[in-house]
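Please treat every number below as a calculation from the coordinates, not as lab data. None of these values were measured; they are calculated from a predicted model. Reconstructed Cβ throughout: ideal geometry from the backbone, glycine too, with neighbour counts over all protein chains shown.
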Amino acid sequence: MEIASKYNPAEVEEKWYKYWMDNNYFHSEPDEREPYTVVIPPPNVTGVLHMGHMLNNTIQDILVRRARMTGKNACWVPGTDHASIATEAKVVNKLNAEGVDKYDLSRKEFLEHAWDWTHKHGGIILEQLKKLGASCDWERTAFTMDEVRSESVIKVFVDLFNKGLVYRGVRMVNWDPSAKTALSDEEVIHKEIKSKLYYLKYRLAPLNPPEGGEKNPSYKTARKSEYELLKKNAKRLRRFSTEAESALWEMVRANNLGDKFRRQHIINNIIVDFVCLSKKLVIEVDGGYHNNPEIEELDKLKTNILNELGYKVIRFTNEEVLTSMDTVLQSIRDALVSPPTGEPEGAFITIATTRPETILGDTAVCINPADERFSHLKGKRVLVPLINRSIPIIEDAYVDMEFGTGCLKITPAHDIHDYEIGMKHNLPSIDIFNDDGTLSDKAGMYVGEDRFDVREKIVKELEAAGNLEKIEDYTNKVGYSERTDVVIEPKLSAQWFLKMDELVKPALENVMNDNIQFHPAKFKNTYKHWMGNIKDWCISRQLWWGHQIPVYYLPDGTFVAAETAEQALELAKEKTGNSSLTADDLTQDEDALDTWFSSWLWPISVFDGIRDPENREVNYYYPSSDLVTAPDIIFFWVARMIIAGYEFRNELPFKNVYFTGMVRDEQRRKMSKSLGNSPDPLDLIEKYGADGVRVGMLLCSPAGGDLLFDEGLPQQGAGFSTKIWNAFRLVKNWEVSSEIEQPEHSKQAIEWFRNKLGEVVETLDSQFANFKISEALMTVYTTVRDEFSGWLLEMVKPPYQKPIDAKTYADVVDLFDQVLRLMHPFMPFITEEIWQLLSEREEGESIMISQIPKVKKYDSELLATFDDVKEAVSGVRKIRKEKNIAFKDAIELSVQKGDKGFDETFNSVIIKLGNISKLTLVNEEVKGAASFRVKSTNFYIPLDGFIDVEEELKKLNEELKYTKGFLISVQKKLSNERFVNNAPEAVVAKEKAKQADAEAKIKVLEERIASMK
RNA sequence: GGGACAUUAACUCAGUUGGUUUAGAGUGUUACCUUGACAGGGUAGAAGUCACUGGUUCGAAUCCAGUAUGUCCCA
């Protein structure tokens, strides 16, 4: 048969995948064998394969294929997730592009569009997995919104509702203003961003604000009882104003100076002569009666009070006004330009915020009761800048005295901590945002404008009004929506919650006691921490694409939960005692359930174990064996599946969880669409073959560690394919002769490799048992490349253009077959291709359903002996290289045994691989020869008396120096009495053996050096 | 701010209850080889104060404490 000189992955992979499918090898049915079950982490139904999927599914396929080859009934269930928020966002965008607004459609119409979209783009990712070689049981493909899964979700909701674990509550939730839905805490990504810290000045409000909530408190600020009196007084003063006052009034009235002034205006309980409210400027004109110490004192007091209220006060005498009006007006103009600057301390307090737009929702300012800097402010009030709402200064130990200015503004509607403080202090809550993140009419300003536009605008306005003290650069963490990547707005809303505190108990316990094992185990800590601090799960989403919450509201506002509308009606009748209720009287809750509320049932629901808990399949396949997933969904998914497992089946959902790393680029950046740093997995498969990519992905992906991907990896994988292919070509192209005897070296080589394989099988078993998949691949890789190709094939290779004996050939084919089986889980395609070509196969046979070699006894002493042989061959090669002796020129080799002796079992191998013309055993050292040592055995290669003595001596001395150094380190240990007395006997014995070996070698070296001199 | 994990060769990582030669692998690198399956090859070599400072111990990459740096999680 003609064998292609170059391996062609594309052709081979397509051929064998079809063959496996045609023979239904991936399909599993319950039988008497031990089951091995894996459920796929369901990818987004409309998604496409990315590098993370590649890694994840390669690992799953390796585990599944290996389990299948060890005689287990392997079942890998594939499927997809409806990805509520992501898919809905895509559909909304698509509709928008067509000029259709979601809210112009009915729920039913929208869902039709969503299903169209799902059918059009759905399942592509599963087809891509086939290219990778995934051996999923495609007949079992499930979808989180198909009939079985949907009914399971609804059943579970009703069940939890009836158990009293689901409740409806008004809570502060994470609001996604783009998707216009609530999110769970887990769907919020905190990102560190560079932002600004704005220092805002809040002016102290006059004390005792009037009752009744007048629109602008700064107008009428006196107590109501006093106010009427003051008002009369002011009126009187206006009527009897002095000449100077009248003159000045003529100049400032009617916006003559650009700002509106009032005269004889009441502020707090003071009547001032003139005031510009917008610039907070008070002008006092001293009448004749002011030249009086008592009055002067009173004026000072008045000024202080006004200053505290944030007013600037300037005074003129009657003379000044009457004689130099120009100067007076200029002073007033100057004061108007920068009125707040002269403000005395204590007239305001400064708070620091990153979100200046939220001041419109402020309902208090908070200080720490222990903060002496602000003790004079206790019980006072301040005015919210721009809108001049009077709010109280409250005290709470929550405030960090070190942070910012030590004063905190409280916006209960828009910050979770503020919300809690608000509850505690009974503060009103003003929600200034609409659902889409624009400002609501409650904000009073910027209504309908976007929150981020408003931030820019309000800062300018605050600055103009003199409320902005400074802006500092600041780095803080901001929550973003995992799906839509917009900034999350904390928002108070009515949502459905699942009580978690009881549910988590078995889930936590069974991970901590290793009934469920995490690989690597460090994720137990993360898990424990989360479980210990768990909050109730917000399971409602204001979305349509998903499972609609099966809660039905009655006309009186109460509700029932039921699997169907009919059952709901029955329940409602029962509940109300009103048998005349009809279906039209009930309204189903508009919200959908969180996507994870369906995926947490996945290991059960794929076998229909929720609807039909005792069916044969779920009883056979559940619990599943291993789960392979990325660590970023440990809370979203893994933890909740464990919770669901114990709650709904009273059993763990899987025995092992293998956490893969994140796939990153060479610069450690996460691979993402937006960065464009992610290669298309399908391009890679086309270029390097699925086997090459699988090997490349795994070569450097320790469990839990990140994988730094670059194209060198699949290239190396493809190189490995070539290597095996060429090994196969070599073997297959040998001419076999039954005439010739099996040479001794071939016999020895095969004996050695049989034992070697025993060791390899054992190593692989333990590596798989510990989920060291990468290491297992490395074991296979070096076995094939070094042991099989580099040593075995070199040893049995017949001379050029000579045939090979039939015995050796048959043995090599058998060993090759075993190696291929060990490789198959990693590289399914090329191993199948070679396996099919290696021997005659019947129709319907396949390596994928063959048995993997089992652990057998092997002779580890023989392996150790062979390691010495390898060293001896290396020694010959090294000397050949140094002395520039071509391999085709045969050389002689003499062996002088040392104290320990040298095992001669493999001498024929040394002869063959060293191209030795004659191997002699000697008792004396050989003069004029190049030498090397393995342990205490001397090897000599006579060089017709031509040898560089200097060079040889130099090398011998180096070797001697190293060995002596080593001996000293061993002796140091042994001469330490405390070591000899305290260390275990075996350790001491080992050290003594080391010492003996080293001493023997030194003796040999010294003799050799002496004889050369 | 709280916590977890990490730090070993140029890079990515192993290193099991402390004792496996004077710490290993893969990649890379250097030199050489090449009409013999394989230049996507072969052979050989170089490369590390095991982050730092102390401590425990007969003995520390390994255990403990602290420091530094980094990554992740939570708030």
Legend entry - Radius of gyration, Dmax [the range A:886-1012; alpha carbons; angstrom]: 17.5, 56
Inset, instruction - Report the trypsin sites (Lys or Arg not before Pro) located in the range A:927-1000 that are in a DSSP loop and have at most 11 other Cβ atoms inside 10 Å of their Cβ, or state none. - result: A:927
Legend entry - Gain on full stretching of the segment that runs from residue A:294 to residue A:162 - 0.36 nm per residue minus C-alpha separation: 39.7 nm
Legend entry - Total lysine pairs whose alpha carbons fall under 26 Å of each other in the range A:587-737 (8 or more apart, or interchain): 4
Legend entry - Potential extension, residue A:882-residue A:563 segment - 0.36 nm per residue separation minus Cα distance: 106.5 nm
Legend entry - Cα-based helix-to-principal-axis angle, A:51-69 vs chain A, degrees rounded to 10: 40 degrees
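Just to confirm the filter: which GluC sites (Glu not before Pro) across the range A:402-506 are DSSP coil and have at most 11 other Cβ within 10 angstrom of their Cβ? Walk me through the numbers before you get to the answer.
Details: sites: A:402, A:420, A:449, A:456, A:461, A:463, A:469, A:472, A:482, A:502; in loops: A:402, A:449, A:482, A:502.
Sites meeting the loop and neighbour criteria: A:402, A:502.
With r defined as the distance between the Cβ atoms of residue A:121 and residue A:436 and R0 fixed at 22 Å, what FRET efficiency is calculated, to the nearest 0.05?
Numbers: r = 26 Å, r/R0 = 1.20.
That pair, residue A:121 with residue A:436, gives E of 0.25.
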Inset, instruction - Please provide three numbers in whole Å: the alpha-carbon extents of the range A:627-761 along the principal axes, with the largest listed first. - result: 69, 44, 21
Inset, instruction - Using amide H atoms built 1.01 Å from N in the peptide plane, name the residues 5+ places from residue A:180, or on other chains, whose amide H lies under 5 Å from its own. - result: none
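Take the eigenvalues of the Cα gyration tensor for chain A, scale each by 5, and report the square roots as semi-axes in whole Å, largest first. Each step should come with its number before you reach the end.
On the way: eigenvalues 1347, 339, 122 Å².
Values for chain A, descending: 82, 41, 25 Å.
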Inset, instruction - Round to the nearest 10 and give me the degree value, 0 to 90, for the angle of helix A:325-337's Cα axis relative to the longest principal axis of chain A. - result: 30 degrees
Inset, instruction - Report, by chain and number, residues whose modeled amide H sits under 5 Å from the one on residue A:559, excluding near sequence neighbours (fewer than 5 apart, same chain). - result: A:554
Legend entry - Estimated 222 nm signal from helices in chain A, with DSSP H stretches of n ≥ 4 weighted -39500 (n - 2.57), rounded to 500: -13500 deg cm²/dmol
Inset, instruction - Please give the length that would be gained between residue A:21 and residue A:769 if that part of the chain were fully extended, namely 0.36 nm times their separation in residues minus their C-alpha to C-alpha distance (nm, one decimal). - result: 266.4 nm
Inset, instruction - Please give the residues of the range A:1-35, grouped as numeric ranges, whose backbone N is less than 19 Å from a label point set 7 Å along the Cα-to-Cβ vector of residue A:683. - result: A:10
Legend entry - Computed label-point distance, nm, for sites residue A:101 and residue A:949 using a 7 Å Cα→Cβ extension: 10.3 nm
Inset, instruction - For residue A:201, go through the aspartates and glutamates and keep the ones whose alpha-carbon is under 15 Å away, minus same-chain ones fewer than eight residues off. - result: A:308, A:343, A:345, A:357, A:362, A:461, A:463, A:469, A:472
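Among the trypsin sites (Lys or Arg not before Pro) in the range A:1-93, which ones are in a DSSP loop with at most 15 other Cβ atoms within 10 Å of the Cβ? Mind listing them?
Details: sites: A:6, A:15, A:18, A:33, A:65, A:66, A:68, A:72, A:90; in loops: A:6, A:33, A:72.
Here the sparse-neighbourhood loop sites are A:6, A:33.
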Inset, instruction - Please state, to two decimals, what the Cα-based radius of gyration of the range A:729-858 comes to when divided by 2.2 N^0.38 Å (N = residues). - result: 1.08
Inset, instruction - Using Cα centres only, tell me the gap between the range A:781-825 and the range A:485-516 in whole Å. - result: 55 Å
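Which FRET efficiency, nearest 0.05, do residue A:802 and residue A:918 yield, Cβ-Cβ r, R0 30 Å?
Details: r = 21 Å, r/R0 = 0.70.
So the FRET efficiency works out to roughly 0.90.
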Inset, instruction - Return the Cα extents of the range A:537-632 along principal axes one, two and three, sorted largest first, each rounded to a whole Å. - result: 52, 33, 19
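Using R₀ = 30 Å, calculate the FRET efficiency as 1/(1 + (r/R₀)^6) where r is the Cβ-Cβ separation of residue A:14 and residue A:669; round to 0.05. Working shown, then result.
Numbers: r = 34 Å, r/R0 = 1.13.
FRET efficiency, residue A:14 to residue A:669: 0.35.
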Inset, instruction - In nm, give the distance between the simple-model label positions of residue A:849 and residue A:733, each being 7 Å from the Cα along the Cα-to-Cβ direction. - result: 3.5 nm
Legend entry - Under-5 Å amide H pairs with residue A:630, H placed in peptide plane, nonlocal only: A:660
Inset, instruction - Round to the nearest 10 and give me the degree value, 0 to 90, for the angle of helix A:451-464's Cα axis relative to the longest principal axis of chain A. - result: 50 degrees
